[in-house]
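Trainee: I'd like to ask you about the structure that follows.
The values are calculated or read from the model by the stated rules, or taken from the named source; none is laboratory data. Predicted model, so just to flag it, every value in this text is computed and none were measured. Because the Cβ atoms are built from the backbone with ideal geometry, glycine has one as well, and the counts that use them run over all protein chains shown. Side chains are part of the model used for accessible areas, which takes the heavy atoms of the whole protein and leaves out ligands, DNA and RNA. Shrake-Rupley method; radii C 1.70, N 1.55, O 1.52, S 1.80 Å.
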Amino acid sequence: MDALETLQAEAPARIGGAGSLDELKAVEADLVGRSSVVAEMRRGLGALPPDERPVVGQAVNKVATELAGLIAARRSVLELEAENRLLLEDAVDVTLPGRRIAGGAPHLITSTIDEIIDIFVSLGYRVAEGPEVETGWYNFDALNTPPDHPARAESDTLYVEFGDESDEMLLRTQTSPMQARYMQQHEPPVYVVVPGRVYRSDTLDPTHSPVFHQMEGLAVDEDITFGDLKGTLSHFAKEFFGPDTETRFLPHFFPFTEPSAEMYVSCFACDGSGCRVCGGPGWIEILGCGMVDPNVFDAVEYDPSAVTGFAFGMGIERIAMSRHGLTHIKHLFENDVRVLEQFG
Ligand code: DAH
């Protein structure tokens, strides 16, 4: 009975001192387990004189029930603590600033093409695209460019070998072949712009690349005049380079237009006093243009006595470079993230 009293006196402190569920388990085994004082006394009940048995038995049971209650209460407390600790460790700090996700953006070539297209679409033009591998007929013959023209030499044009083809196959050197394709597929009037990739047998230097982009334009209708050409392209220049942009048309030669011209815009960087962007004169050449040669109408079976038209073609890289002051065309192809971010 003394041992029982000692147990009863010491147990609450031991149970309360268990700092974890594991520690509590060990204390429990000690206090009420198989080799505990309680278990031993129960086992010894049979050896007691019959009149002492109920007294001792009740006393042991009372202490055992008391200990079980204390242990269960302590277990609840420890379980609650463990759960709280878990919730605390898992907690999300909603006050932390979010991580910035770098957004993608259209490439400068793409956004330049889109911007030019928007200007012409607002004038009623359609957009068409054509094949990059082209026949000699569409790239040259239909465009009034004879077989002995220097542009057809292998030094200028990249040819593609196809076993059985009777017509020569090449990587288109300009978007102009789409003039012929489009007119063959559509009756006049025609108002269309054609963006696309073109190829030349050029080596890379600051202003040339064997692959680059052009935008072709074609307007065919009754009574189209050179005045329409100038008005349309001057409007384009003001929309694209700014409302104060002036334009100049200097005579030039292209096989598929007659007369032909090169259009210059007043330098948006120096307004004519001379700078790095325009190279001094205050004017930047941005496109070739002219009135569609009747031979081109003949080739696509349009009646040159019924319709007239103008055409133009511009280099996208050239326009993007001069507008943004880029000094090497490679910046438009290398995809250096610093360049992409600057223009994205
Ligand atoms: N195709 C010409 C070139 O690549 C550009 C050009 C000039 C296109 C005059 C035209 C044009 O449609 O009328 O240099």
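Trainee: Give, to the nearest whole percent, the P(r) tail of region 1-125 beyond 23 angstrom, counting all Cα pairs.
Mentor: Every Cα pair in region 1-125 considered, those over 23 Å come to 60 percent.
Trainee: Could you tell me what percent of the accessible area of the chain is made up of carbon and sulfur, with a 1.4 Å probe and every protein chain present?
Mentor: In the chain, the share of accessible area belonging to carbon and sulfur is 52 percent.
Trainee: Tell me the Kirkwood radius of the chain: reciprocal of the mean inverse pair distance over distinct alpha-carbon atoms, in Å.
Mentor: 27.2
Trainee: Further, regarding this structure: Would you tally the net charge around V121, using a Cβ to Cβ cut-off of less than 13 Å, leaving V121 out, and scoring K and R as +1, D and E as -1?
Mentor: Net of charged neighbours comes to -3.
Trainee: Sequence neighbours fewer than 8 away in the same chain don't count; with that in mind, list the lysines whose C-alpha is under 30 Å from K25.
Mentor: Of all the lysines, those that pass the test against K25 - Cα under 30 Å, at least 8 places apart if same chain - are K62.
Trainee: Could you do me a favour and compute the accessible area per residue for region 1-89, 1.4 Å probe, result in Å²?
Mentor: The answer is 66 Å² per residue.
Trainee: Further question: How about region 263-344: which trypsin sites (Lys or Arg not before Pro) there lie in a loop by DSSP and see at most 14 other Cβ atoms within 10 Å?
Mentor: R276
Trainee: Sorting check: for 89-99, 295-305, which peptide has the highest mean count of neighbouring beta carbons within 10 Å, and how do the rest follow?
Mentor: Ranking the peptides 89-99, 295-305 by packing returns 295-305, 89-99.
Trainee: Kindly report the accessible area of region 108-343 per residue (heavy atoms of protein chains, probe 1.4 Å, no ligands, DNA or RNA), in Å².
Mentor: Normalised by residue count, the accessible surface of region 108-343 is 48 Å².
Trainee: Nothing charged except the Cβ atoms of Lys and Arg (+1) and of Asp and Glu (-1): what's the magnitude of the dipole of the chain about its Cα centre? Round to the nearest 20 debye.
Mentor: 1880
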